[in-house]
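*Asks:* Before we start, here is the structure in question, set down as structure tokens.
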Amino acid sequence: GQQLNQSPQSMFIQEGEDVSMNCTSSSIFNTWLWYKQDPGEGPVLLIALYKAGELTSNGRLTAQFGITRKDSFLNISASIPSDVGIYFCAGGGGNQFYFGTGTSLTVIP
Amino acid sequence: DTGVSQDPRHKITKRGQNVTFRCDPISEHNRLYWYRQTLGQGPEFLTYFQNEAQLEKSRLLSDRFSAERPKGSFSTLEIQRTEQGDSAMYLCASSLALDTQYFGPGTRLTVL
């Protein structure tokens with residue numbers, strides 16, 4: 001199945017720093033979703049995007065639906081230790097979502 | 001808790017055995033998805049139900065895999081004659097429309 005390109009693959013940052021990650025695809029999507037997954041658990045939905053150019057925030061998280069509809073971005077401001085985890089993007093079209101390869105985030109207190 | 005639930009959370013089995021997993025979606029959700037996730041990868045789509053109808057299946061879903069959703073509520077995923085390559089996290093998700101998906105906690109399968 002198709003997997004989206006997500007970068008960076010991993011990040012090690014100091015607490016309080018801002019984080020940016022992105023997701024790109026060769027296909028156009030109608031929906032972009034961002035999830036966070038902790039070890040041994042299922043992904044938890046963070047933000048959903050439905051229109052090209054849309055910018056949506058959820059607390060310290062902000063995500064954007066790229067104008068080309070082939071990419072999306074997630075920013076986390078003022079990171080805290082509980083932001084640690086793996087972040088996945090998912091592009092939706094047809095009857096399914098295609099997931100990125102994940103960005104592993106480590107926050108150093 | 002009104003989220004998606006999955007049972008069991010962990011399953012260890014010997015190669016060649018059959019296993020069955022259950023997913024209970026959020027109660028009003030008519031769409032149900034199964035995914036497989038291996039270490040270091042994102043979830044990969046296996047199959048999709050709308051109500052009781054199985055509308056799409058991935059090529060990843062070999063003949064040894066079968067999924068059902070008999071009354072349009074809970075779903076089961078069965079793997080027959082398990083192989084070591086089947087070891088993975090099996091995730092279930094549900095939604096009302098194709099605008100989002102809510103995941104369960106997953107079933108971790110280990111095939112010895």
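The values are calculated or read from the model by the stated rules, or taken from the named source; none is laboratory data. Every value quoted in this text rests on a predicted model; they were computed, and no experiment measured them. We place every Cβ from the backbone using ideal geometry, glycine too, and count neighbours over all the protein chains shown.
*Asks:* Does A:Gly42 satisfy being surrounded by 19 or more Cβ atoms within 10 Å (Cβ to Cβ), within 30 Å of B:Ser87 (Cα to Cα), without any contact (Cβ under 8 Å) to a residue 12 or more places away in the chain and within 12 Å of another protein chain (Cβ to nearest Cβ)? Before you say what the answer is, go through the steps one by one.
*Replies:* Numbers: surrounded by 19 or more Cβ atoms within 10 Å (Cβ to Cβ): yes; within 30 Å of B:Ser87 (Cα to Cα): yes; without any contact (Cβ under 8 Å) to a residue 12 or more places away in the chain: yes; within 12 Å of another protein chain (Cβ to nearest Cβ): yes.
Yes.
*Asks:* Give region A:91-109 a look and list any residue that's β-branched (Val, Ile, Thr), under 13 Å from the mean Cα position of the chain (by Cα) and more than 10 Å from chain B (Cβ to nearest Cβ), or say none.
*Replies:* Residues of region A:91-109 β-branched (Val, Ile, Thr): A:101, A:103, A:106-108.
Then drop every residue that is not under 13 Å from the mean Cα position of the chain (by Cα), which leaves A:101, A:103.
Answer for region A:91-109, where residues must be β-branched (Val, Ile, Thr), under 13 Å from the mean Cα position of the chain (by Cα) and more than 10 Å from chain B (Cβ to nearest Cβ): just A:Thr103.
*Asks:* I'm trying to understand the selection: among the residues of region B:68-96, which are surrounded by fewer than 18 Cβ atoms within 10 Å (Cβ to Cβ) and acidic (Asp, Glu)?
*Replies:* Passing the criteria: B:Glu68, B:Glu78, B:Glu83.
*Asks:* While we're on this one: Does B:Glu44 fit the bill of being farther than 17 Å from B:Phe74 by Cβ and either in contact with a His (Cβ under 6 Å, 6 or more places away or on another chain) or among the acidic types (Asp, Glu) (or both)?
*Replies:* On the way: farther than 17 Å from B:Phe74 by Cβ: yes; either in contact with a His (Cβ under 6 Å, 6 or more places away or on another chain) or among the acidic types (Asp, Glu) (or both): yes.
Taking the combined requirement at face value, the residue satisfies it.
*Asks:* Residues A:Phe73, A:Phe88, A:Phe65: which one is within 11 Å of another protein chain (Cβ to nearest Cβ), of a type in the set (A, V, I, L, M, F, W, C), touching a residue at least 12 places away in the same chain (Cβ under 8 Å) and surrounded by 15 or more Cβ atoms within 10 Å (Cβ to Cβ)?
*Replies:* Details: A:Phe73 fails: within 11 Å of another protein chain (Cβ to nearest Cβ); A:Phe65 fails: within 11 Å of another protein chain (Cβ to nearest Cβ).
After applying the criteria, what remains is A:Phe88.
*Asks:* Can you say whether B:Leu39 is of a type outside the set (Ser, Thr, Tyr), touching a Ser or Thr at 6+ places or on another chain (Cβ under 8 Å) and modelled with pLDDT under 95, as far as the supplied structure shows? Explain how you work it out, then say what you get.
*Replies:* Working: of a type outside the set (Ser, Thr, Tyr): yes; touching a Ser or Thr at 6+ places or on another chain (Cβ under 8 Å): no; modelled with pLDDT under 95: yes.
No, not satisfied.
*Asks:* Still on this structure: Just to verify a result, which residue in region A:12-39, among those that are over 13 Å from the mean Cα position of the chain (by Cα) and among the hydrophobic types (A, V, I, L, M, F, W, C), is surrounded by the fewest Cβ atoms within 10 Å (Cβ to Cβ)?
*Replies:* In this case the residue turns out to be A:Phe12.
*Asks:* Which numbered condition in (1) surrounded by fewer than 16 Cβ atoms within 10 Å (Cβ to Cβ); (2) assigned to a strand (DSSP E or B) is the only one that B:Asp99 fails?
*Replies:* Status for B:Asp99: all satisfied but (2).
Residue-wise test of (1) in contact with a Lys or Arg (Cβ under 8 Å, 6 or more places away or on another chain); (2) among the acidic types (Asp, Glu).
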position	(1), (2)
A:Gly16	no, no
A:Met21	no, no
A:Ile28	yes, no
A:Trp32	no, no
A:Asp38	no, yes
A:Ala52	yes, no
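*Asks:* Restricted to region B:11-59, and to residues that are of a type in the set (Val, Ile, Thr) and within 30 Å of A:Asn5 (Cβ to Cβ), which residue is surrounded by the most Cβ atoms within 10 Å (Cβ to Cβ)?
*Replies:* Within region B:11-59, the subset of a type in the set (Val, Ile, Thr) is B:12-13, B:19-20, B:26, B:38, B:47.
Those still in the list that are within 30 Å of A:Asn5 (Cβ to Cβ) too: B:38, B:47.
Working: B:Thr38: 12, B:Thr47: 23.
Within region B:11-59, the match that is surrounded by the most Cβ atoms within 10 Å (Cβ to Cβ) is B:Thr47.
*Asks:* Out of all the residues in region B:3-19, is one or more modelled with pLDDT under 95 and among the β-branched types (Val, Ile, Thr)? Walk me through how you get there before you give the answer.
*Replies:* Start the filter on region B:3-19 by keeping residues that are modelled with pLDDT under 95, which leaves B:3.
Filter again for among the β-branched types (Val, Ile, Thr), leaving none.
No, every residue in region B:3-19 fails to be modelled with pLDDT under 95 and among the β-branched types (Val, Ile, Thr).
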